[in-house]
Amino acid sequence: MAGAPPTPAEKDALVSSFLEIAAGQTPHTATQFLQMTSWHLEEALQLFYIDGEAALAGAHPPAQSAAEAALAAAAAAAEVEEGFRFHPPPAAALEDGMLQGLGDDDDVRAPLPVRRETLYGDTPMIVTRPNATVAFRNFEEEARQSAWDSEQNATSSSRDNLASLYRPPFDLMFNGPFDKAKLEASSLDKWLLINLQSTEEFSSHMLNRDTWANEAVAQTIRSNFIFWQVYQDTGEGRKVCTYYHLVSVPAILLIDPITGQKMRGWSGMVYPDSLLEDLMPYLEKGPKEHHAAQPQKRPRKVDQETSMVRQGNKFL
């Protein structure tokens, strides 16, 4: 049953999962990529992000879908099974034939006369008639259906788990616009960590799957940072891209929430170990302590001389 095609309901669920990850695509596009990969969600997503429209241009639509082929095969099997099934003749016809055969032979003794008697006793005898539906149960078919249901449940669970791998880290994200995220980070004396994402770049989904889902990374972010994730094609995303002059996504920015200054930046896929190593210097001090440790700017020598000249002229 491992190679059985998905049912129409399962296909709809696979299309929905594809569209949830590859946001902005149409159901028709999702169906095409899933058909090209025999309805394997992860393979369809990888094909979409790697080859894109080129994969669709080189694909040839099948003459008959897998579902139609399965239905046709099932119908043919049912016809063959019906042809081999034994159909007993009606009881009346069978009884007439037996009596007629007995009458044609003079040597055959006549049937014994029917005797009807009444039985008496203290305990009545109860005779139960076996259930006809139980007598003709198809245990093989029931086992096959049970295995099919189990596989459907396993397929549905696997599809849900796969889609959940690429979902954004909602448990880490700050819910609100960029300005409020800065205010929240400043009030809590935490650095602001920003992740700009694109629905067209598979590395954005890899960040969700491999980096933000990493337990060490998640724990570090909860303790020391305010995390804000946004898509580049939204209003807030375009504002951040313009302000910090971003030319490629996905991108990760470490922002000083007090001044808005970019302290550190990464582009593309950043793996957990590398990100944790780069964030280590910012775990010792928060933004406020960082500013307090900075040396105060001294006035320039020219400004000091000008001030002294002005004071001298004042007393002349």
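I'd like the per residue volume of the convex hull spanned by the Cα atoms of the range 178-292, given in cubic angstrom.
89 Å³
7 Å from Cα along Cα→Cβ at both Ile50 and Ser274: what's the point-to-point distance in nm?
Those two pseudo-labels are separated by 2.0 nm.
What ranking do Glu284, Glu42 get, fewest neighbouring Cβ atoms within 10 angstrom at the top?
Placing the least packed residue first, the sequence is Glu284, Glu42.
Please state the relative contact order of the range 178-292 as a whole percent: Cα pairs under 8 Å, 6+ residues apart?
Rounded, it is 36 percent for the range 178-292.
Every number in this text was worked out from the coordinates using simple rules, so none of it is lab data. Since the model is a prediction, treat every value here as computed from it, not as a measurement. Note: ideal-geometry Cβ built from the backbone for every residue, glycine included; neighbour counts use all protein chains shown.
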